[in-house]
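Input: a single structure, listed below in structure tokens.
The values are calculated or read from the model by the stated rules, or taken from the named source; none is laboratory data. Being a predicted model, the structure only gives us computed values, none of them experimental. Because the Cβ atoms are built from the backbone with ideal geometry, glycine has one as well, and the counts that use them run over all protein chains shown. SASA here: full protein model, heavy atoms, side chains in, ligands and nucleic acids out. Shrake-Rupley method; radii C 1.70, N 1.55, O 1.52, S 1.80 Å.
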Amino acid sequence: MTTLTDDRRVRARDAAPARYFYLHMSLACAATAFLGFAPTYWVPLANRTLSASPVIHFHGLLFFTWSLYFVLQTWLAASGRVVNHRSLGIAGVSLATAMTIFGFLASVHVMQHSAALGQREAGIGFSIVPMSGIAFFAIVFVLAITNTRKPEIHKRLMLLAAISILDAAIARWFLTFLAPPGPPGPPPVPVTIAPAVVASLLLVVAMVRDWRSEGRVHPVYIYGTLALLAVKVLNWPISETAGWHSFAGGILALAQ
């Protein structure tokens, strides 16, 4: 009996770093989201100098709530509170659904704002970035939910979903500190690729952890990272096609 108890303690001790790895990664995602939007949202909001529509405010609230929710869920899992973790899963489904809806509405709002500035075509072209981003998040989240009974897949898909939406936060730092001042309106689609690559570095960290602890990189990270980067790169040529302008322009026409 003593030997069995000791063996369990050793296994628990060895498993602890693996469990807390995802908590640390969720904290990194939350910090990236908060610090990324600090120059263009949180600081102006605190100074009462931010002018934004209710759709944008609610969109931001939902996405930042997701960051906190992800931290909470990884903490519950790491601390062994699996029952509580699963009980809060339905809240995550509701939150992700609301994020998808308001992510789409925010994309339409950006097109409307661009059209009001006389940059209708640029706004339509750029709309592929937020629309494809929220679609990727939604698909990965659904895959994660359908794999809740396979924790090794589930937790990696959830991390992939969280990282996939960080490029918007990182892009704010690019625009604030690296981009030259220019006229108001949507940026060119190609400039969104670099922030996505920076965000993907968190997935590289997860891959290295897999390699060191498991001896191999889990397929979720390999195929997920390739799919994420493919979406971000393909946004550029697709945004310039007549098909995309017809599709997104039709959505804009319905919204006006």
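Can you give the FRET efficiency for TRP42 and VAL217, using 1/(1 + (r/R0)^6), R0 = 30 Å, r = Cβ-Cβ distance, to the nearest 0.05?
With a Förster radius of 30 Å, E is 0.30.
So how far apart, in nm, are the two label points at ALA194 and THR65 if each is 7 Å from Cα heading toward Cβ?
According to this spin-label approximation, the distance is 3.4 nm.
Rank VAL142, ALA171, SER87 by how far each Cα sits towards the positive end of the charge dipole of region 55-176 (+1 on Lys, Arg Cβ; -1 on Asp, Glu Cβ) and give me just the farthest.
The listed residue farthest towards the positive side: SER87.
Classify the chain as rounded, prolate or oblate from the Cα gyration tensor: take a ≥ b ≥ c as the square roots of its eigenvalues, call it rounded if a/c is under 1.5, otherwise prolate when a/b beats b/c and oblate if not.
prolate
Using a probe radius of 1.4 Å on heavy atoms only, what accessible surface per residue do you get for the chain? Whole Å² is fine.
54
According to a simple spin-label model (label point 7 Å from Cα along Cα-to-Cβ), what is the distance in nm between GLN256 and PHE177?
Distance between the two pseudo-spin positions: 3.8 nm.
Using alpha carbon centroids, what distance separates region 225-256 and region 20-56, in Å?
Each part reduced to its Cα centre gives a spacing of 26 Å.
Would you mind counting up the charge near ARG156? Only other residues with Cβ under 12 Å from its Cβ, with Lys and Arg at +1 and Asp and Glu at -1.
0
Using a 1.4 Å probe on the protein heavy atoms, what percent of the accessible area of the chain belongs to carbon and sulfur?
Answer for the chain is 70 percent, counting heavy atoms of protein chains only.
Please give the solvent-accessible surface of LYS150 in Å², to the nearest 10, using a probe radius of 1.4 Å with every protein chain present.
Its accessible surface works out to 120 Å², give or take rounding.
Can you pull the one-decimal nm distance between simple spin-label points at ILE238 and MET207, each 7 Å off the Cα toward Cβ?
Here the modelled spin labels are 2.2 nm apart.
Suppose the chain between THR97 and GLU152 were pulled fully straight at 0.36 nm per residue; how much longer would it get relative to their current alpha carbon spacing?
Here the answer is 17.5 nm.
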